[in-house]
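The structure under discussion appears below in the form of structure tokens.
The values are calculated or read from the model by the stated rules, or taken from the named source; none is laboratory data. Predicted model, so just to flag it, every value in this text is computed and none were measured. Positions of Cβ are backbone-derived with ideal geometry, glycine not excepted, and every protein chain shown enters the neighbour counts.
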Amino acid sequence: MVFPLVRSALAAILVLATDAAGATNWVVHAGGSRQEFVPRELLIQPGDSVTFRNLGGLHNVTADDGSFRCANGCDGLGGNGAASAQIWSATLTFVRSGRHGYFCEPHGAPGEGMHGAIVVAGAPPVAVPANGLIPRMLLAGLLLLSGALLARR
């Protein structure tokens, strides 16, 4: 009776692991013969990554909300996000659903000039109660399932 429940839980874990392994890397080009990002707007899935590539010219990519700033690497991640005329690429992974606007500091501003957006599909984030009830319930469920697995041995 417990075994089908354990099997269902393991199947759900495998589906989640498969989804994470199936993440896609997208490419957005910056500069080159034009002062724009191509594509300007990109719809992706949570966990997908985006590689920004400078094709030439003094550019960088900066989040509207300041959460990232990249060129020769990204600030805070061992790189320098200041605009650079070198050919560069920087890869970011997006996990939070919603619209993530960005721009090139020398040639744009949020929503103006050389700008774009990464739109991550998915439902809006769900608020978790401050008392931590849901995480404790999940932990208790996992402990029960692991105990059932050990008891069957």
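So that you can scan it fast, the table gives a plain yes or no per residue for (1) crowded, with 16+ Cβ neighbours inside 10 Å; (2) closer than 18 Å to residue 114 by Cβ; (3) modelled with pLDDT of 95 or more:
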| residue | (1), (2), (3) |
| --- | --- |
| 5 | no, no, no |
| 29 | yes, yes, yes |
| 33 | no, yes, no |
| 51 | no, yes, yes |
| 76 | no, no, no |
Fill in the blank from the handout: residue 89 fails exactly one of (1) out of contact with any Pro (no Cβ under 9 Å at 6 or more places or on another chain); (2) within 13 Å of residue 114 (Cα to Cα); (3) not charged (D, E, K, R), namely (2)
Practice task
For segment 119-133, indicate whether the set of residues that are assigned to a strand (DSSP E or B), within 30 Å of residue 32 (Cβ to Cβ) and either at pLDDT 95 or above or among the β-branched types (Val, Ile, Thr) (or both) is non-empty.
Solution key: yes
Exercise for the section: Look through segment 78-88, keep the residues that are farther than 17 Å from residue 55 by Cα and surrounded by 15 or more Cβ atoms within 10 Å (Cβ to Cβ), and return whichever of them is modelled with the highest pLDDT. Expected result: 80
Practice task
Filter segment 89-104 down to the residues that are crowded, with 20+ Cβ neighbours inside 10 Å and without any contact (Cβ under 8 Å) to a residue 40 or more places away in the chain, then identify the one that is farthest from residue 121 (Cα to Cα).
Solution key: 90
